[in-house]
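Engineer: One structure coming up, written as structure tokens, with questions to follow.
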There are 4 protein chains.
Amino acid sequence: MIVVLRPDATQAQVDHILEKASQLGLKPHISRGVQKTIIGFIGPEDVLRVTPLDIFPGVEQVIPVLSPYKLVSREFKSENSIINLSGDIQLGAQRIIVMAGPCSIESYDRLRSIAQQVKSAGATVLRGGAFKPRTSPYDFQGLGEEGLKYMKAIGEEFGLLTITEVMDPRDVELVSRYVDILQIGARNMQNYTLLNEVGQSSKVVMLKRGLSATIKEWLMSAEYILSNGNFNVMLCERGIRTYETATRNTLDINAVGVVKEKSHLPVIVDPSHSTGRWGLVRPAARASVAAGCDGLIVEVHDAPEEAYSDGSQSLLPENFEGLMAEVRTIATAIGREV
Amino acid sequence: MIVVLRPDATQAQVDHILEKASQLGLKPHISRGVQKTIIGFIGPEDVLRVTPLDIFPGVEQVIPVLSPYKLVSREFKSENSIINLSGDIQLGAQRIIVMAGPCSIESYDRLRSIAQQVKSAGATVLRGGAFKPRTSPYDFQGLGEEGLKYMKAIGEEFGLLTITEVMDPRDVELVSRYVDILQIGARNMQNYTLLNEVGQSSKVVMLKRGLSATIKEWLMSAEYILSNGNFNVMLCERGIRTYETATRNTLDINAVGVVKEKSHLPVIVDPSHSTGRWGLVRPAARASVAAGCDGLIVEVHDAPEEAYSDGSQSLLPENFEGLMAEVRTIATAIGREV
Amino acid sequence: MIVVLRPDATQAQVDHILEKASQLGLKPHISRGVQKTIIGFIGPEDVLRVTPLDIFPGVEQVIPVLSPYKLVSREFKSENSIINLSGDIQLGAQRIIVMAGPCSIESYDRLRSIAQQVKSAGATVLRGGAFKPRTSPYDFQGLGEEGLKYMKAIGEEFGLLTITEVMDPRDVELVSRYVDILQIGARNMQNYTLLNEVGQSSKVVMLKRGLSATIKEWLMSAEYILSNGNFNVMLCERGIRTYETATRNTLDINAVGVVKEKSHLPVIVDPSHSTGRWGLVRPAARASVAAGCDGLIVEVHDAPEEAYSDGSQSLLPENFEGLMAEVRTIATAIGREV
Amino acid sequence: MIVVLRPDATQAQVDHILEKASQLGLKPHISRGVQKTIIGFIGPEDVLRVTPLDIFPGVEQVIPVLSPYKLVSREFKSENSIINLSGDIQLGAQRIIVMAGPCSIESYDRLRSIAQQVKSAGATVLRGGAFKPRTSPYDFQGLGEEGLKYMKAIGEEFGLLTITEVMDPRDVELVSRYVDILQIGARNMQNYTLLNEVGQSSKVVMLKRGLSATIKEWLMSAEYILSNGNFNVMLCERGIRTYETATRNTLDINAVGVVKEKSHLPVIVDPSHSTGRWGLVRPAARASVAAGCDGLIVEVHDAPEEAYSDGSQSLLPENFEGLMAEVRTIATAIGREV
């Protein structure tokens, strides 16, 4: 931590800061410049983070140096983490994993029909919501456990792994009984009771980036899960909120590279939510693979006009096939596979 | 709901839309202009909201007309809601209510000392966190139930009402036993399981605006609580996330007026989080009262240098007294009182 | 400037950095911590700002310490700047100055009628655009010099000072002949040729904050004007662009306090553009005065339904009178006057 | 334009609106629903855009239907525009055009050396700034005409086309004498006097998106140029400002697809400014090509450590060669070429 002093800081003020720091076990290094005096503090970072040195008299600015996350960082683990999704399926390795399915599980038949089609197009994981976070209390909230049962049965029938969102810490056990991957949605990225709960589970977790979370905050939320003992975490960029209204969200494609630089965790991209319009999903998926993501999660529906949610951004199965063909050639071009 | 057709929409496409609408029980009104044809649909709004008419062939744009919230709207209730906090204390009426206290409850003695000082400066409600949502899993997470006990005892001793944050739906009952007002924090504004839980309670709820929630989404989250039967809801503007980094958040002062226009619920402002720096708290508090808020919630600490959290934005008790004096004169200037 | 090294930085890399720094005349201070090594560089700041030390091998992060502006800073001038607008009218002193008038100058008669009414309500400066920056090339672009002539004549008739926007560096001389204050609009905040041009003038300049300019960038743009020799600069907060669409812009009320802290220049607020809707202008004006601004600039029109531009956010004269009455009581409450 | 009435609108208010509309030559279509009454107005769009119907008593909301741009729209011209850059070089066709070079022209020798290297790696256009828009008045402002002379000579020597930024309307003629493409920078996207000036030129213009411009505003700025008669316009996405600070800007990759949908103009991407860090430039370039852009503009410097500006985001020539190889394979994968 670096403390920049005000030009008019008095010696008494400096002494007060040094005394406080010394009580906390910190060792200072002072650099006196013509215009500013700077003190660098070395010591246990938790102490540094918590002490509000910026309000000490004479202090102009306090600059943190250490990143607040540890277990998720590249410094903690330099090679990429590879997550075993099942016997032979790995996320974070050479192969780019595609997850696809409807926004919500609407009925057994519809889910089965979509599952069959995404499987045949090459998807590895079936997605579908049983508990839906809806902005309006009057909108369809999901089929609950009934939906989970469909998912398990259909996943097994077609040899698809399954992913679904869990919203309530009380549901983690229930949901874990039925699906392979637990999704933490964007709205719950900083729902710490939920993060702690899935952190104590051994299930693979996909952590979506919050609507306006910085990459640092996103990694801190992942740190909650890892610090509870669960290292099977993948991150999912799903678009951020900006002033632009032409799209539902702004796909932060740079986030793929930044996360790869800061963390060893795999990163996947959701081209459906990060655009919000089906006509933009394919270019977004191509761009994401070209940028280096480890997987995609795509909304597919065989009758988007009748979807209970997210119809506007769902691909028809034939369009999803087209997407698979495109990302396959791009993956090949950059030395990966789909 | 209004549907704008593409200039090249065919008659078959229009018929397809009209047929679908008719199945849903909607009545269309068609206006054909030189450049665009527009269809207005009248009918049950839930149907309209869910059907993704924007993906029907021939459709260029779909524009919702009805606001998605009902119970929180001015149209539902035209006069301001007044919430009875206790026998003689009302929120949303003539008097502006001030809530103050430390960010976290750190110890019995500290809380008692701060409570005494904010009471003597004129605060009505004591704030303090027992369960703390912290970006880092390694930071102080609060004293839990122990803290709640302190709060109850000290609130009663000084005749202060109490408010604290509840983060876990499983804690609603516990927290309700100890405090008068339940706070839903910004990170949990769209934690629907939590909203449903406090909606089923009869406690007064303060719903903070999410970090990047639109006013519409914020009102939709309030709608979750009201639609569960709990109408004792106040909204709290606490600053939004923007590109500006000179302050921790950007106080959206316009939100006070917009909420007053759209909703009957009382609005309070948190000048501590919406600035993030104690030196800016007083101007923010003055501005909020001038803009027409119904209350303030302010972080006060008698040794900010030693605070476990939010030390940078906490006011010293003497500074809080200054704030109270200032907002009192401003309240008088606009015909209210503190 | 502070350089944080990567944990794996080699001695050769450190030597390379130190050698480069030494060539530039910089003196390093090295602090070696357990996890990170930090080098503080002291020296001429322009050199520091330009050299991209962040790309030197072994460097993790470079943190600037000195603020990039000088003449506009509180460190350069600790007391508030007071600008003489005319013989007895000062901006930045005890009295809060109100500027008012139509968005565009539409005709002699209309401008005269509005001028008369804002004068009688207590305005000091008449605003009105002769050259209009319009998003669409097909919208009314202003009356040009003809409008300036009206402004001068009407300003003199009613004893009002005048302000208008200048958009083209080639027009600075022309506009200066007719009005008292030159306005640089938000879209031109970083139009450096224009800033240099008004910097070489002796006219008072009002510099609006860019739509998404940080406070630091805004002050840097003011620095352009001061560094050309013109110190008669006032800053105008006019709302920033955020994700919120309920208002045209988000009034960054915190900016008033931040600018007062960082700079000696006066700050005024535009409650019309920062809300975009006339119904929110009065609360925004009250809040701005309560927060400590030195002036207001308000759009007033006597027939907003027929205004050529910004009709939605223009106050009727009687509403402007109401605003004046309100800000007067608030100014009094905080020890100022209008 | 669609007008939504308030539920409590009186008949007199409706009549007032209809009367006003009739005076303006507009034909209304009224739809009366259970909750809301809606009036669609058909007529000349300029009239509709300017009249502030939202402030008429009884009006709740006004919704524009027609897009405000014409000449740049797909409706005006359905096939993609192809711009002839020189005899055999076309932008917007099969081939993706790469522009590369230093941020600033620093000296004849340096520019020549970089030009030689980008040419040999496959670039078609040489970029380099002679007039630099710098946030600080104390930073290097460019070599001016001297730099333009270098550019012309070196472009001719290596058979490279040239592009440079023009900031001052008075410089358009001068700059046009030396280079092939005029760049309008992000800060000047709404500098309408400059847009009008380049609109009256016959030079090819590259219009960068403003820092926080919506896609609609960006297209409106292009409309300024086309409406002056110059149709040789390419758009350049260069990253937008968001709350995320891990990168200098957020590359809005969705913008490529949205612009392609709304407009016939070619779109290029600047992966240097849209990331701000050289380590992220290659993934951004790959993603942009995968998303469907028509060109790239990349900062390259052979000694970034000594660059006068933007050293942090400049690629070394060998790194630029790597970029070219990568985008070539991706272009092939999607059926284009570089």
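Engineer: If a/c stays under 1.5 just call it rounded; otherwise compare a/b with b/c (prolate if a/b is bigger, oblate if not). Do that for the protein assembly as shown, with a ≥ b ≥ c from the square roots of the Cα gyration tensor eigenvalues.
Structural biologist: Taking the square roots of the gyration eigenvalues as a ≥ b ≥ c, the protein assembly as shown is rounded.
Engineer: Determine the equivalent ellipsoid of the stretch B:83-333 by diagonalising the alpha-carbon gyration tensor, then write out the semi-axes as square roots of 5 times the eigenvalues, largest first, rounded to whole Å.
Structural biologist: 23, 22, 19
Engineer: Run the numbers on chain D and let me know its relative contact order in percent, using alpha-carbon pairs under 8 Å that are six or more apart.
Structural biologist: Across chain D, relative contact order equals 16 percent.
Engineer: Here is a further query. What is the percent of Cα-Cα separations in the stretch D:150-190 that go past 11 Å?
Structural biologist: 63 percent
Engineer: May I ask you to list the lysines whose Cα is less than 28 Å away from that of D:K208, ignoring any residue fewer than eight positions away on the same chain?
Structural biologist: C:K132, C:K208, C:K216, D:K70, D:K77, D:K119, D:K132, D:K149, D:K152, D:K216, D:K260, D:K262
Engineer: Summing Lys, Arg as +1 and Asp, Glu as -1, what charge do residues with Cβ under 15 Å from the Cβ of D:L18 carry, D:L18 excluded?
Structural biologist: 0
Engineer: B:P57 label points, 7 Å along Cα→Cβ, one per copy: pairwise distances from this copy to the rest in nm, shortest first?
Structural biologist: 5.0, 6.1, 7.7
Engineer: Still on this structure: Taking every DSSP beta bridge with both residues inside chain B, roughly what % is antiparallel (nearest 5)?
Structural biologist: Antiparallel bridges: around 40 percent, rounded to the nearest 5.
Engineer: Say we join alpha carbon atoms closer than 10 Å with springs in a Gaussian network model of chain C; which of C:L235, C:L207, C:L323 then has the biggest fluctuation?
Structural biologist: C:L323
Engineer: OK, next. Express the Stokes-Einstein translational diffusion coefficient of the stretch B:137-240 in µm² s⁻¹, to the nearest whole number, given a Kirkwood radius over alpha-carbon pairs, 20 °C and a viscosity of 1.002 mPa s.
Structural biologist: The Stokes-Einstein estimate is 152 µm²/s.
Engineer: Rounded to the nearest 500, what is the 222 nm mean residue ellipticity of chain C from helices alone, with -39500 (n - 2.57) per DSSP H run of 4+ residues and division by all residues?
Structural biologist: On the way: 10 runs with 115 residues, N = 338.
My calculation for chain C gives -10500 deg cm²/dmol from helical runs alone.
Engineer: Using a simple spin-label model with points 7 Å from Cα along the Cα→Cβ vector, what separation in nm is obtained for B:D109 and C:E145?
Structural biologist: My value for the distance between the label points is 8.0 nm.
Engineer: Choose one answer from C:V59, C:V258, C:V98: the residue with the largest mean-square fluctuation in a GNM of chain C with alpha-carbon springs under 10 Å.
Structural biologist: Comparing C:V59, C:V258, C:V98 in the GNM, the peak value goes to C:V59.
Engineer: What order do you get for B:D8, B:D252, C:D270 when you list them from fewest to most C-beta neighbours inside 10 Å?
Structural biologist: B:D8, B:D252, C:D270
Engineer: Using the membrane-span-like helix rule (whole DSSP H runs, Cα extent along the own axis of at least 15 Å, mean Kyte-Doolittle hydropathy at least 0.5), which helices of chain A qualify?
Structural biologist: Taking the DSSP H segments of chain A (at least 15 Å long, mean hydropathy at least 0.5), we get A:278-291.
Engineer: Additional query: How high is the FRET efficiency from B:S22 to B:E79, r the C-beta distance, R0 56 Å, rounded to 0.05?
Structural biologist: FRET efficiency, B:S22 to B:E79: 0.90.
All of the numbers you see were taken from the coordinates with simple rules; none came from a lab. The model shown is predicted, which means the values in this text are computed figures rather than measured ones. Because the Cβ atoms are built from the backbone with ideal geometry, glycine has one as well, and the counts that use them run over all protein chains shown.
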